[in-house]
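J.: Attaching a single structure in structure tokens format; questions to follow.
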Amino acid sequence: MEKQPLTFIGDEEAKVRKSSKFHPSIWGDYFIRSSSLSHAEESTQSMKKRVEELKVQVKSMFKDTSDILQLMNLIDSIQMLGLDYHFENEIDKALRLIYEFDDNYYGLYETSLRFRLLRQHGYHVSADIFNKFKGDNGSFISSLNGDAKGLLSLYNASYLGTHGEIILDEAKSYTKPQLVSLLTELEQSLAAQVSLFLELPLCRRMKILLARKYILIYQEDAMRNNVILELAKLNFNLLQSLYQEELKTISIWWNDLGLAKSLSFTRDRIVECYYWILTIYFEPHHSRARVICSKVISLISITDDIYDNYSTLEESRQLTEAIKRWNPQVVDCLPEYLRDYYLKLLKTCEEIEEELELNEKYRMQYVQDEIKAIAIAYLQEAEWGIERHVPSLDEHLHTSLISSGCAVVPCASYVGMGEVATKEVFDWYSSFPKAVEAGCVIGRILNDIESHEREREQAGDHFASTVESYMKEYNTNEKVACKKLQEIVEKAWKDLNKESLNPTKVPRLMIERIVNFARSMEEIYNCNDMYTNPNNKMKDNISLVLVESFLV
């Protein structure tokens with residue numbers, strides 16, 4: 001169907017109201033009411049003291065370890081247990097030694113581990129090092145087939161590939177079926193790791209959720225270090241206590257805001273919003289940034305639902321114009337039910353700006369610009385829905401990369417980050433560089449693959465997803481379209497991997513926010529849209545991170 005000009009839309013069509021119903025919040029006021037969540041002050045201080053004692057012991061391990069393999073295993077364990085922010089200097093020093101080390105005589109496990117650790121930290125390491133594991137016929141040698149530990153190491157390393165590294169694509173295809181076939185033969189700890197990473201590879205996992213799950217695996221490992229294990233449990237409990245306090249504060253703010261009740265057609269997902277932001281940064285020194293970003297993403301979620309699930313086209317136009325003008329004096333131009341929301345959107349952004357230091361206040365202008373852009377994109381999609389227009393994939397992505405929210409959220413994540421978030425960083429980000437584009441591609445397409453059927457069933461005038469666009473443009477079926485779109489996601493991950501290698505155009509810490517948000521999209525949309533439909537898996541994951549502490 002060819003696109004019809006918007007002016008052909010009749011007045012009555014522009015006034016048709018959409019209607020969707022979402023599952024109510026499964027958490028309610030749990031994080032406000034539950035006084036038993038946070039540890040007592042005396043207990044918290046005791047844990048902090050013990051953590052400092054254990055950190056000294058772990059730092060001694062770095063000093064006392066001269067064996068490169070032991071150093072690599074130490075770093076790997078610390079990273080997967082969520083402890084690496086305590087030992088940044090020690091890890092950086094160790095990585096320089098690892099980079100200079102000749103690994104020609106290493107086996108599959110060691111070679112893959114070295115490659116992954118260095119790539120994760122931005123080092124350029126050639127994928128050609130894996131050629132030594134291939135035979136004359138160009139395939140991986142058969143003697144590797146039973147080496148589960150080595151295969152898992154290669155499997156995780158293969159997901160850090162960039163464009164043109166064909167051997168890593170081959171490694172990915174080779175290792176997965178081999179690991180599946182070995183799964184029932186493995187000892188408990190290794191089997192648990194294989195199962196975990198077959199579900200989603202290590203470098204695409206949310207760090208804090210990985211730490212929570214990996215602690216349980218690590219404690220069953222016969223080769224575990226009990227000092228590191230104790231530190232990991234205590235550290236997690238302290239982090240969780242902080243998260244609970246942050247979420248209590250945010251939940252009270254959310255209730256006082258009152259939009260979930262006044263706009264009952266929207267998704268009431270403040271707990272899920274906060275959990276999502278935890279994926280961008282879980283470290284304690286990013287507390288301010290998490291609170292700020294959680295407020296922004298919760299308002300973006302409401303804005304999305306207004307355009308996507310309730311407002312008429314006429315109302316969408318009015319709201320877009322008001323957001324573009326960003327002035328409380330235009331509120332009377334909006335329908336009654338949108339006025340409170342509009343004023344609170346502006347007021348929240350104003351309050352965030354007031355919390356910032358004088359030399360940081362400019363940052364919120366960049367967030368406001370992203371919110372204006374997302375409103376324009378939402379309106380375009382609403383017009384497409386009314387027109388029954390199915391755009392080409394390129395035309396679709398030109399708009400839907402913005403409407404995905406994957407541009408505004410990382411930008412908002414920078415606002416509270418401190419001195420590292422310079423004006424140069426915000427200027428770089430607002431230019432929509434390759435890293436930002438890649439993150440948006442990952443989020444947009446994964447969302448569409450998992451949610452397009454639900455959205456198509458809910459509203460007859462819902463605009464086409466990238467799945468429908470691909471099907472129409474290439475005259476193919478849904479299964480093929482989803483497979484091809486997943487290939488586009490993999491290409492975007494290669495872009496992100498490349499942009500993360502040194503030297504980066506901005507501090508790697510800032511690019512890592514984008515990477516972490518892309519990881520969250522992999523986790524959230526791994527088997528369903530767990531944000532819109534917070535199923536048992538989503539609830540269990542949130543409980544693991546925000547409710548269930550470790551006995552130490």
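The values are calculated or read from the model by the stated rules, or taken from the named source; none is laboratory data. None of the values given here were measured: they were computed from a predicted structure. Every residue, glycine as well, gets a Cβ built from its backbone with ideal geometry; the counts of neighbours run over all protein chains shown. Surface areas here come from the heavy atoms of the whole protein model, side chains and all, with no ligands, DNA or RNA. Shrake-Rupley method; radii C 1.70, N 1.55, O 1.52, S 1.80 Å.
J.: For residues that are hydroxyl-bearing (Ser, Thr, Tyr) and within 23 Å of residue 169 (Cβ to Cβ), scanning just the range 494-532, find the one that is modelled with the lowest pLDDT.
T.: Here the answer is 525.
J.: Identify, please: which residue in the range 151-179 is of a type in the set (Asp, Glu) and part of a helix (DSSP H, G or I) and is, among those, least open to solvent (accessible area, probe 1.4 Å)?
T.: Residue satisfying both the conditions and the ranking: 169.
J.: Pick from 231, 198: which is part of a helix (DSSP H, G or I) and within 28 Å of residue 55 (Cα to Cα)?
T.: 231
J.: Further question on the same structure: When the range 385-398 is examined, which residues are found to be closer than 15 Å to residue 468 by Cα, modelled with pLDDT of 95 or more and in a helix (DSSP H, G or I)?
T.: Answer for the range 385-398, where residues must be closer than 15 Å to residue 468 by Cα, modelled with pLDDT of 95 or more and in a helix (DSSP H, G or I): 393, 394, 395, 396, 397.
J.: Is it the case that some residue within the range 474-489 is open to solvent by less than 40 Å² (accessible area, probe 1.4 Å), within 28 Å of residue 392 (Cα to Cα), touching a Pro at 6+ places or on another chain (Cβ under 9 Å) and modelled with pLDDT of 95 or more?
T.: no
J.: Being part of a loop (DSSP other than H, G, I, E, B) and open to solvent by 60 Å² or more (accessible area, probe 1.4 Å) narrows it down to one of 104, 131, so name that one.
T.: Just one listed residue meets the conditions, 104.
J.: Turning to a different aspect of this structure: I'm told residue 224 meets every condition in (1) in contact with a helix residue (DSSP H, G or I) (Cβ under 7 Å, 6 or more places away or on another chain); (2) in a helix (DSSP H, G or I) except one. Can you identify the failing condition by its number?
T.: (2)
J.: Do you know which residues across the range 277-320 are among the charged types (D, E, K, R), open to solvent by 20 Å² or more (accessible area, probe 1.4 Å) and under 25 Å from residue 415 (Cα atoms)?
T.: 283, 288, 295, 304, listed by residue number.
J.: Considering only helices (runs of 4 or more DSSP H) fully contained in the range 264-344, which possess at least 3 residues that are β-branched (Val, Ile, Thr) and under 29 Å from the mean Cα position of the chain (by Cα)?
T.: Passing ranges, in order: 270-278, 287-309.
J.: Related question: List the number of the failed condition for residue 222; all other conditions in (1) at pLDDT below 95; (2) under 13 Å from residue 76 (Cβ atoms) hold.
T.: (2)
J.: While we're looking at this one, here's another question. Scan the range 338-375 for residues that are open to solvent by less than 60 Å² (accessible area, probe 1.4 Å) and closer than 17 Å to residue 321 by Cβ and report the count.
T.: Qualifying residue count for the region: 11.
J.: If you don't mind, there's one more thing I want to ask. Would it be correct to say that residue 264 is surrounded by fewer than 24 Cβ atoms within 10 Å (Cβ to Cβ) and farther than 19 Å from residue 439 by Cβ?
T.: yes
J.: For the range 1-52, what are the residues that are at pLDDT below 70 and in a helix (DSSP H, G or I)?
T.: 6, 7, 8, 11, 12, 13, 14, listed by residue number.
J.: Just wondering, is there one or more residues in the range 328-335 that are touching a residue at least 40 places away in the same chain (Cβ under 8 Å) and surrounded by fewer than 22 Cβ atoms within 10 Å (Cβ to Cβ)?
T.: The answer is no, given that none of the residues of the range 328-335 is touching a residue at least 40 places away in the same chain (Cβ under 8 Å) and surrounded by fewer than 22 Cβ atoms within 10 Å (Cβ to Cβ).
J.: How many residues are farther than 20 Å from residue 274 by Cβ and either in a helix (DSSP H, G or I) or under 13 Å from the mean Cα position of the chain (by Cα) (or both) if we restrict to the range 409-438?
T.: Total meeting the criteria: 13.
J.: Tally up the residues in the range 345-369 that are more than 25 Å from residue 403 (Cα to Cα) and assigned to a helix (DSSP H, G or I), please.
T.: Within the range 345-369, residues that are more than 25 Å from residue 403 (Cα to Cα) and assigned to a helix (DSSP H, G or I) number 5.
J.: Of the conditions (1) out of contact with any Phe, Trp or Tyr (no Cβ under 6 Å at 6 or more places or on another chain); (2) part of a loop (DSSP other than H, G, I, E, B); (3) under 29 Å from residue 213 (Cβ atoms), residue 93 satisfies every one except a single condition; which number is it?
T.: Among (1) out of contact with any Phe, Trp or Tyr (no Cβ under 6 Å at 6 or more places or on another chain); (2) part of a loop (DSSP other than H, G, I, E, B); (3) under 29 Å from residue 213 (Cβ atoms), the lone unmet condition for residue 93 is (2).
J.: Would you mind finding the one in 214, 218 that is farther than 28 Å from residue 268 by Cβ and under 22 Å from the mean Cα position of the chain (by Cα)?
T.: None of the others qualify; the one that does is 214.
J.: Among the helices (runs of 4 or more DSSP H) contained in the range 463-552, which hold 3 or more residues that are β-branched (Val, Ile, Thr) and closer than 21 Å to residue 123 by Cα?
T.: Passing ranges, in order: 508-524.
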